[in-house]
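The values are calculated or read from the model by the stated rules, or taken from the named source; none is laboratory data. What you see is a predicted model; the values in this text were computed from it and never measured. Ideal geometry is used to build each Cβ from the backbone, glycine not excepted, and the neighbour counts take in all protein chains shown.
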Amino acid sequence: MPTVSIKGLRKSYGSIRAVDDVSLDVEPGEVFALLGPNGAGKSTVIEILEGFLHRDGGDVEVLGVDPGNRHQQRWLRTRIGVVLQELAVEPFFTVRQVLERNAGFYPAPRPIDEVIDLVGLSEKSNARVKTLSGGQQRRLDVGLGIIGNPELLFLDEPTTGLDPAARRTTWDLIRTLSSEGTTVVLSSHYMDEVEALAKNVAVLARGQIVATGPPSSVGGRDHGQVTIRFALPEGVTTIDLPVVPTEFDGKEVEIRTDDELVVLARIVNWALERKVALPGLTVTRVTLEDIYLSLTHQDKDGSEVKP
Amino acid sequence: MSRPEATEKKGFTGFRDVRLIVHQLGYEQLAFWVNKVGAIFTVGFSVVFLVLLGASAGTSRIPYLGHIKLVQYYVAGFIAYGVMGACFNNLAINLVVRRETGLLKRLRLSPMPTWVLLAAVFLSTTITALVQVVLVLGIGRIGYGVHFPRSWPAFLIALVVGVASFVAMGVAMSTAIPNQESAGPVVSVIFFVLLFLSGLWFPLKANSGLAQFANYFPVHHLISAVFAPFEFIPGASPWAWHDNLIVAIWGAASTVVALRRFRWAPRRS
């Protein structure tokens, strides 16, 4: 049985369809990512799964229960952990006090010292929350998310606003939790984060899932669409080439193909026979970012383009 | 993974919930007192003003209120102030800040039931109010020789009605304030204007225009309800039922507003 199961989920705010017919399954023990631009509906989906928001339609099961059912919410909340976006912690409490307070809400919490250790705040355990840096506060957030020893952890953009070192630390922490058997559902708008952590990803745009699958193959990434580039050798015209270029700007040849081995072999054999060099030869597979941008209809500046 | 049993879904025993209230109450109190500046200003206000006003009042008496000593009136007034300051002013601001910074949402997503949180907040607010009541009674007695209430039952009823009603008003007030920056100014201005018009600093003359105005609001009635049990005026009843009733009506109306409009999440999201 999947840990999270969503079928035909719908949620509107007034006339805006925030979540429009979303269906997905999260299997036990996996790290599942919701990837999408701001306003795509990631947080709305997560907050419905947490039982914080009511849905307009569709079936949702989390750990076998309906998160919208008030009678099951308390049971559910002892078994899930939640790391939210930009929520404060009582500024005058120390790290230890906040964790002790929240530990008291759960029937079988994780030992405080273990959590403090795990999130790397041992040296700050008696520091007041207001004296922590942004990265440290984010790690305390994660600590509060796991203090109840959850089976399922929701992470809403866990590394937004963190510096690269702090991101890596958070990634390691998520990997550790995952290796302990915790199922993780995270939202992100970072490609590299999804690639580094997630077993499966659902790409959301305007409240709809536009692609799902493992990050390595999502959006048809594992087949097709390899780009071969090189500068046209001296004394050669494009007519001499063994393959018809997809694009040519007068200097550089670009060939896009989904049969890269054959095309590459023909070009390399041709160059060896002609005894010409292929300056600046590169072979690139489409990045997850390219797929993401084309799926969510954004250009590289982040502004939306009409589909 | 197996489906949870129906019995498990029912949650914990009542005993565990009571322990949870005590647990959360401890941290509510800690949160109040650990912010020393906030705590000193909230609690210190009634004490400092009683000391200052008591000293400046000297031996003056109020001719239109049974010729009682002015300082006697101030003791009753600042007990009412302590209740209102903790339950309305402090609670309303506190709830807006906690809502807008996401502290309430965080607690909402924890397994702690809503009623446990509300009970802990209510009890914590009551403790903060009672600390001021005890301090004002003590200073009045030791510093100014003002006797304790003659009718403790009437005094306690006035406090219970006052605390419950002004907590409801505080929660209702918090739902009307959109952001944390405006919480302090908005609540404090409303609160102090009402205090001024309701005769905290000087007793209202009965049937004056101001008294008629103040009669519509709960502040003046709480002061009267706390004043009566002292029996400063010989022969007057310690039971101010009419005043208690009006405070309670405000409390009931505020409860309806609070239940309808209460929000857990910041408005920005």
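Scanning segment B:38-84 for residues being within 19 Å of the chain's Cα centre (by Cα) and farther than 15 Å from B:GLY145 by Cα gives a total of 20.
Restricting segment A:45-90 to residues that are within 30 Å of B:LYS36 (Cα to Cα) and at the interface with chain B (Cβ under 8 Å from one of its Cβ atoms), which is surrounded by the fewest Cβ atoms within 10 Å (Cβ to Cβ)? Quick ask: steps written out before the conclusion?
Going through segment A:45-90, the residues within 30 Å of B:LYS36 (Cα to Cα) turn out to be A:83-90.
Checking which are at the interface with chain B (Cβ under 8 Å from one of its Cβ atoms) leaves us with A:84, A:86-90.
Values: A:LEU84: 23, A:GLU86: 16, A:LEU87: 21, A:ALA88: 18, A:VAL89: 22, A:GLU90: 21.
Applying the filter and picking the extreme gives A:GLU86.
Among the residues of segment A:18-71, those identified as basic (Lys, Arg) and modelled with pLDDT of 90 or more are A:LYS42, A:ARG55.
For B:SER124, state whether it is closer than 30 Å to B:TYR73 by Cβ, under 15 Å from the mean Cα position of the chain (by Cα) and either within 14 Å of chain A (Cβ to nearest Cβ) or outside any helix (DSSP H, G or I) (or both). If you could, list the steps in order and put the result at the bottom.
On the way: closer than 30 Å to B:TYR73 by Cβ: yes; under 15 Å from the mean Cα position of the chain (by Cα): yes; either within 14 Å of chain A (Cβ to nearest Cβ) or outside any helix (DSSP H, G or I) (or both): yes.
Answer is yes for this residue.
Yes/no per residue for (1) among the acidic types (Asp, Glu); (2) buried (at least 18 other Cβ atoms within 10 Å of the Cβ):
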position: A:VAL95; (1), (2): no, yes
position: A:ARG128; (1), (2): no, no
position: A:PHE154; (1), (2): no, yes
position: A:GLU157; (1), (2): yes, yes
position: A:PRO164; (1), (2): no, no
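When the residues of segment B:23-42 are filtered to those that are among the β-branched types (Val, Ile, Thr) and either in contact with a strand residue (DSSP E or B) (Cβ under 6 Å, 6 or more places away or on another chain) or surrounded by fewer than 14 Cβ atoms within 10 Å (Cβ to Cβ) (or both), which remaining residue is farthest from B:LEU123 (Cα to Cα)?
Pass one, segment B:23-42, residues among the β-branched types (Val, Ile, Thr): B:34, B:37, B:40, B:42.
Now narrow it down to the ones that are either in contact with a strand residue (DSSP E or B) (Cβ under 6 Å, 6 or more places away or on another chain) or surrounded by fewer than 14 Cβ atoms within 10 Å (Cβ to Cβ) (or both): B:37, B:40.
Values: B:VAL37: 21, B:ILE40: 19 Å.
Among those that are among the β-branched types (Val, Ile, Thr) and either in contact with a strand residue (DSSP E or B) (Cβ under 6 Å, 6 or more places away or on another chain) or surrounded by fewer than 14 Cβ atoms within 10 Å (Cβ to Cβ) (or both), it is B:VAL37.
Residue-by-condition table, conditions (1) of a type in the set (Val, Ile, Thr); (2) not in a helix (DSSP H, G or I):
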site	(1), (2)
B:VAL134	yes, no
B:LEU137	no, no
B:GLY140	no, no
B:PRO149	no, yes
B:PHE155	no, no
B:VAL167	yes, no
B:MET173	no, no
B:VAL189	yes, no
B:GLY199	no, yes
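Considering the conditions (1) away from chain A (no Cβ under 14 Å); (2) crowded, with 18+ Cβ neighbours inside 10 Å, B:VAL160 is excluded by exactly one of them, (2).
When you go through A:ARG10, A:ARG74 one by one, which is the residue that is over 20 Å from A:HIS189 (Cβ atoms), part of a helix (DSSP H, G or I) and basic (Lys, Arg)?
One residue alone meets the criteria, A:ARG74.
Of the residues making up segment B:99-119, those that are farther than 22 Å from A:GLN137 by Cβ and either facing chain A (nearest Cβ under 7 Å) or over 24 Å from the mean Cα position of the chain (by Cα) (or both) are B:PRO111, B:PRO113. From the residues in segment A:13-48 that are part of a loop (DSSP other than H, G, I, E, B) and among the polar types (S, T, N, Q), which one is nearest to the chain's Cα centre (by Cα)? Among those residues, the one meeting the criterion is A:ASN38.
Restricting to segment B:141-172, name every residue that is hydroxyl-bearing (Ser, Thr, Tyr) and touching an Asp or Glu at 6+ places or on another chain (Cβ under 9 Å). Talk me through it step by step, then tell me what you get.
Narrowing segment B:141-172 to residues hydroxyl-bearing (Ser, Thr, Tyr): B:144, B:151, B:165.
Listed by number, the list holds a single entry, B:SER151.
Among A:VAL194, A:VAL203, which is the only one that is within 20 Å of A:ASN38 (Cα to Cα), out of contact with any Phe, Trp or Tyr (no Cβ under 7 Å at 6 or more places or on another chain) and of a type outside the set (Gly, Ala, Ser)? Let's see the steps before the verdict.
Values: A:VAL203 fails: out of contact with any Phe, Trp or Tyr (no Cβ under 7 Å at 6 or more places or on another chain).
Criteria check complete, one pass: A:VAL194.
Each residue in segment B:234-252 was checked for being surrounded by 15 or more Cβ atoms within 10 Å (Cβ to Cβ) and hydrophobic (A, V, I, L, M, F, W, C), and 6 pass. For segment A:140-174, the tally of residues that are free of Cβ contacts under 8 Å to residues at least 60 places away in the same chain and charged (D, E, K, R) stands at 5.
A Cβ distance below 8 Å, combined with a sequence gap of six or more or placement on separate chains, defines the contacts here; from segment A:252-263, residues that are under 19 Å from A:THR238 (Cβ atoms) and at pLDDT 85 or above reach residues that are in a strand (DSSP E or B) and of a type in the set (Lys, Arg) in the pairs A:GLU252/A:ARG229; A:VAL253/A:ARG229; A:GLU254/A:ARG229; A:ILE255/A:ARG229. Number of residues in segment A:91-101 that are of a type outside the set (Lys, Arg), in a helix (DSSP H, G or I) and within 8 Å of chain B (Cβ to nearest Cβ): the value is 1.
Scanning segment B:90-146 for residues that are of a type in the set (Phe, Trp, Tyr) and more than 15 Å from B:VAL47 (Cβ to Cβ) turns up B:TRP115, B:PHE122. A Cβ distance below 6 Å, combined with a sequence gap of six or more or placement on separate chains, defines the contacts here; from segment B:145-174, residues that are farther than 17 Å from B:LEU222 by Cα reach residues that are among the hydrophobic types (A, V, I, L, M, F, W, C) in the pairs B:VAL146/B:VAL75; B:VAL171/B:ALA258; B:ALA172/B:VAL257; B:ALA172/B:ALA258; B:MET173/B:ALA92; B:SER174/B:ALA92; B:SER174/B:LEU95; B:SER174/B:VAL96.
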